[in-house]
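Data block below; observations after.
The values are calculated or read from the model by the stated rules, or taken from the named source; none is laboratory data. All figures in this text were calculated on a predicted structure; none of them were measured in a lab. With ideal geometry, Cβ positions are generated from the backbone for all residues, glycine too; neighbour counts draw on all protein chains shown. Areas reflect the complete protein model, heavy atoms only, side chains present, ligands, DNA and RNA absent. Shrake-Rupley method; radii C 1.70, N 1.55, O 1.52, S 1.80 Å.
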Amino acid sequence: MALARLLSRRRWRISAYPTALEQSAKAAPRFVTTSVVDKARRVPATQPSIEGIKDIIAVASGKGGVGKSTTAVNLAVALGRRCGLKVGLLDADIYGPSIPTMMKLQGKPEVSQDLKMVPMENYGVKCMSIGFLVDKDSPIVWRGPMVMSALEKLTRGVTWGELDILVVDMPPGTGDAQLSISQRLQLTGALIVSTPQDIALLDARRGANMFRKVEVPILGLIENMSCFKCPYCGQHSHIFGHGGALRTANEMNMEFLGEIPLELEIRRTSDEGSPIVISAPNSAVSEAYNDIASKIMKRLQKLGKANQMHPEILL
């Protein structure tokens, strides 16, 4: 009942969500095209974009299917468990939310006294996703302004509390959602996830260049599905190629953060909602995630958010 009152008062009742967003489309800000991104300018960040959150990092990819969400989930848990941080996880992929499944969370979020949603929590990570608000099998058939309005509710319409870091699982591509998040959330930095495959790395380059256009620092490049180890003979097979991400990182002057192998256990634990850094904390894969999490912490310390200048995208 409390959630229904929130949605009713804020004009975005789930059953009528598309209609409510369409009615507010005229009031929604226009979003820039790539030709306008060049007009971005640097402005000082005098306060965090979301109250109580120190750093916000985006986990992004130029295309889907490279394991971006799996990487975001395991890094978020690793940042909390290994690095001792207070961590939040935002599922910004409106069309394909996967965080509820991967974090083994069900139901709808509670509502606070100030009519904000309370993030659901598991494994010590606070989570928010559109998947908590719609039926599991319901398609999200919304126009751009409706997606932007939903993202606004999932960020500032949530009582995140005090967090050291908010990990944002970005949608694939370089469109309105990515630009809007870069503009409104004052990202501390972005992680680029790719497989070693050349076609995936082409899109990863585009994703990295998009963040650079809006002056969001690139924290580094992660090579996912780097190799496959046969569980029977132990032989390593580089199914998607070898060394492509390292080569791309060097060519684009990005830090190479590490390799995550292609393993059955990663897929199984993700489907079961038990991230591998939790279910198999001593495995080689978990150590790889933990090592990357430690590198991210060092990168954030070097950036020194207090002295960062963040983008204001001119419309």
Report summary line: Residue-ordered couplings for the range 198-205, obtained by feeding phi - 60° into the Karplus form 6.51 cos²θ - 1.76 cosθ + 1.60 and rounding to whole Hz (Gly and Pro as x), are 4, 5, 5, 5, 4, 6, 4, 4
Query raised in the report: Using unit Cβ charges (K, R positive; D, E negative) and no other charged atoms, how large, in debye to the nearest 20, is the dipole of the range 57-199 about its Cα centre?
Result: 140
Query raised in the report: Which value in nm describes the separation of the simple spin-label points at Arg206 and Asp135, placed 7 Å from the Cα toward the beta carbon?
Result: 3.4
Requested in this report: Run the 1.4 Å probe and let me know the accessible area of Met170, rounded to the nearest 10 Å².
Outcome: 0
Report task. Can you tell me the dipole magnitude for the range 77-150 around its Cα centre, using point charges on the Cβ only (Lys, Arg +1; Asp, Glu -1), in Debye to the nearest 20? Result -> 280
**Report entry** Net charge of Cβ neighbours under 10 Å - reference Thr248; Lys, Arg +1; Asp, Glu -1
**Finding:** -1
Report task. Could you pull out every one of the lysines with an alpha carbon less than 17 Å from that of Lys136, ignoring same-chain neighbours closer than 8 positions? Result -> Lys104, Lys108
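Keeping all protein chains in place and using 1.4 angstrom, which order do Arg268, Arg206 fall into by accessible surface area, from largest down?
Arg206, Arg268
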Query - Net charge of Cβ neighbours under 14 Å - reference Ser129; Lys, Arg +1; Asp, Glu -1 - result: 0
Query raised in the report: How much accessible area does Asp291 have with a 1.4 Å probe, in Å² rounded to the nearest 10?
Result: 80
Report summary line: Note to self: with every protein chain in place and a 1.4 Å probe, the range 68-184 gives an accessible area per residue in Å² of 38
Query raised in the report: So, how do all the Cα-to-Cα distances of the range 166-254 break down into 5 Å bins, in percent, from 0 on up?
Result: 3, 13, 24, 20, 15, 11, 7, 4, 2, 1
Requested in this report: Report Leu262's accessible area, 1.4 Å probe, all protein chains in place, as a number in Å² to the nearest 10.
Outcome: 50
Report summary line: Counting only protein heavy atoms with a 1.4 Å probe and every protein chain in place, the carbon and sulfur fraction of the accessible surface of the range 113-246 in whole percent equals 52
